[in-house]
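Take a look at the structure set out below.
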Amino acid sequence: MSVLETSSHISSSPLFVSSELPDIPEMGGFVVFSGIVRNLNEGKKVTHLEYEAYAPMADEMIRAILADACKKWDLLHANCIHRVGKLEISEIAVIVETGSIHRAEAYESNRYIIDRVKHEVPIWKKEFYFDGSSQWSKGCVHESH
Amino acid sequence: MDIQLLFFAAIKDHFPDLKKIEVSEGDSIIHLREMLTHKSPSSESILKVSRFAVNQVIVSDDFVLREGSVVAVLPPSSGG
C-alpha cells in the first residue's frame, strides 16, 4: 500500500477541497479536514491573516509526520498542504486528507496529522485586525527545546 | 567563528539586521541563546520559548555549533 506523494506541502497558491477522490479501489473511508481563516479570534475582529513558514524545513517535517501516521495506521492515502502568504477570511489555510480501508483509521490519523502540524511545524500566523493593529499568534509552547 | 542566523515571525522584531554572529569554538545553543538575550534583552521571554534548528534539524540546548552552521530561531509555531 503506497501513500500518494506530493512535491510540496507548502503552497503560496490558494487551496481548494477537491471533489475528486484518490483513485484507490481498496479505500472505504476518506477524511478531509480544512482549516479556514475566520473573522474573529479571542474577541477581536480579524480582517485577514499572513502565514509565514521556514518552508524547506516545514515541508520536510510535514513529510515526516505523514510517514509517522502511515506507520501508526494502515493508510492508503495521506496528504497535507499548508498555505503561506496573505489569506483573506474564509480562505483555506491547511488541508489534511487521509484514506483507509475503514473510517476509523482515516479519522484518527487525520486528527493526529493536523495536531502535530499545528504544534510542531515551523509555520506562524500573523493576525490583522479591524482597528489597524496586528499581532503574531502566540502559538503552541513546547515543553522541551 | 561565524554562524548564520535565520529569524522568523515575532522574533524578527528583535533582531532585524542580524544575519550572522561570531561564536567561540565549543559554544552550544545555550550560549547562543544567552548572547542573543544580551544583544536584545526585550527578546528574553520569546527566546525562552523558542526552539532552535541547525541546518533544518531541531536541536537541544547542548548542541555544539560549528563554523557556518545555519541556525534558525523558531518561535512557538501556530500553523493550521
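The values are calculated or read from the model by the stated rules, or taken from the named source; none is laboratory data. Predicted model only: the values in this text are computed from it and were never measured. In this analysis, Cβ positions are derived from the backbone assuming ideal geometry, glycine residues included, and neighbour counts consider all displayed protein chains. What goes into the accessible areas is simple: the full protein's heavy atoms, side chains included, and nothing from ligands, DNA or RNA. Shrake-Rupley method; radii C 1.70, N 1.55, O 1.52, S 1.80 Å.
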Using a ≥ b ≥ c from the Cα gyration tensor of segment B:1-49 (square roots of the eigenvalues), is it rounded, prolate or oblate, where a/c under 1.5 gives rounded and otherwise the larger of a/b and b/c decides, a/b for prolate? oblate
Compute the angle between helix B:29-39 and the longest alpha-carbon principal axis of chain B, please, reported from 0 to 90 degrees and rounded to the nearest 10. 70 degrees
How do B:14, B:38 stack up against each other in accessible area, from largest to smallest, with a 1.4 angstrom probe? B:38, B:14
Of A:20, B:34, ordered by accessible area with the largest first and a 1.4 Å probe, the sequence is A:20, B:34
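Only bridges with both residues in the protein assembly as shown count here: give the DSSP antiparallel percent, nearest 5.
Values: 43 of 49 bridges.
The answer is about 90 percent antiparallel.
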Taking only Cα atoms, what is the 0 to 90° angle, nearest 10, from helix A:55-72's long axis to the longest principal axis of chain A? 40 degrees
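Using Cα pairs under 8 angstrom and six or more residues apart, how large is the relative contact order of segment A:79-128, in percent?
On the way: 30 pairs, mean separation 12.5, N = 50.
Across segment A:79-128, relative contact order equals 25 percent.
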Out of B:42, B:69, B:50, a Gaussian network model of chain B with alpha-carbon springs under 10 Å gives the largest mean-square fluctuation to B:42
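Considering only protein heavy atoms, with the full assembly of protein chains and a 1.4 angstrom probe, order A:102, B:31, A:82, A:48 by accessible area, largest first.
On the way: A:102 115, B:31 70, A:82 0, A:48 30 Å².
Largest accessible area first, the list is A:102, B:31, A:48, A:82.
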Quick check for me: using +1 on Lys/Arg Cβ and -1 on Asp/Glu Cβ, what's the dipole size of the protein assembly as shown about its Cα centre, in debye to the nearest 20? 540 debye
Computed P(r) (all Cα pairs; segment A:63-145; 10 Å bins; percent): 15, 40, 30, 13, 3
Degrees separating the helix A:103-120 axis from the principal Cα axis of chain A, which is the longest one: 40 degrees
Mean projection of the alpha-carbon convex hull of segment B:12-80 over all orientations, in nm²? 4.9 nm²
Charges at C-beta only: +1 for Lys and Arg, -1 for Asp and Glu. How large is the resulting dipole of segment B:2-74 about its Cα centre, in Debye rounded to 20? 280 debye
If every alpha-carbon in the protein assembly as shown counts as one equal scatterer, what log10 I(q)/I(0) does Debye give at q = 0.09, 0.16, 0.17 1/Å? -0.42, -1.09, -1.17
Inter-probe distance in nm under a simple model that places probes 7 Å from Cα toward Cβ, at residue B:20 and residue A:103: 5.8 nm
With DSSP loop assignment and no more than 16 other C-beta atoms within 10 Å, the trypsin sites (Lys or Arg not before Pro) in chain B are B:19, B:66
FRET efficiency (residue A:71, residue A:24; Cβ distance; R0 25 Å; to 0.05) is 0.85
Count, for each residue of B:48-58, the Cβ atoms from other chains sitting within 10 Å of its Cβ, then give me the mean as a whole number. 4
Just how far, in whole angstrom, is segment B:11-80 from segment A:85-145 if you go by their alpha carbon centroids? 24 Å
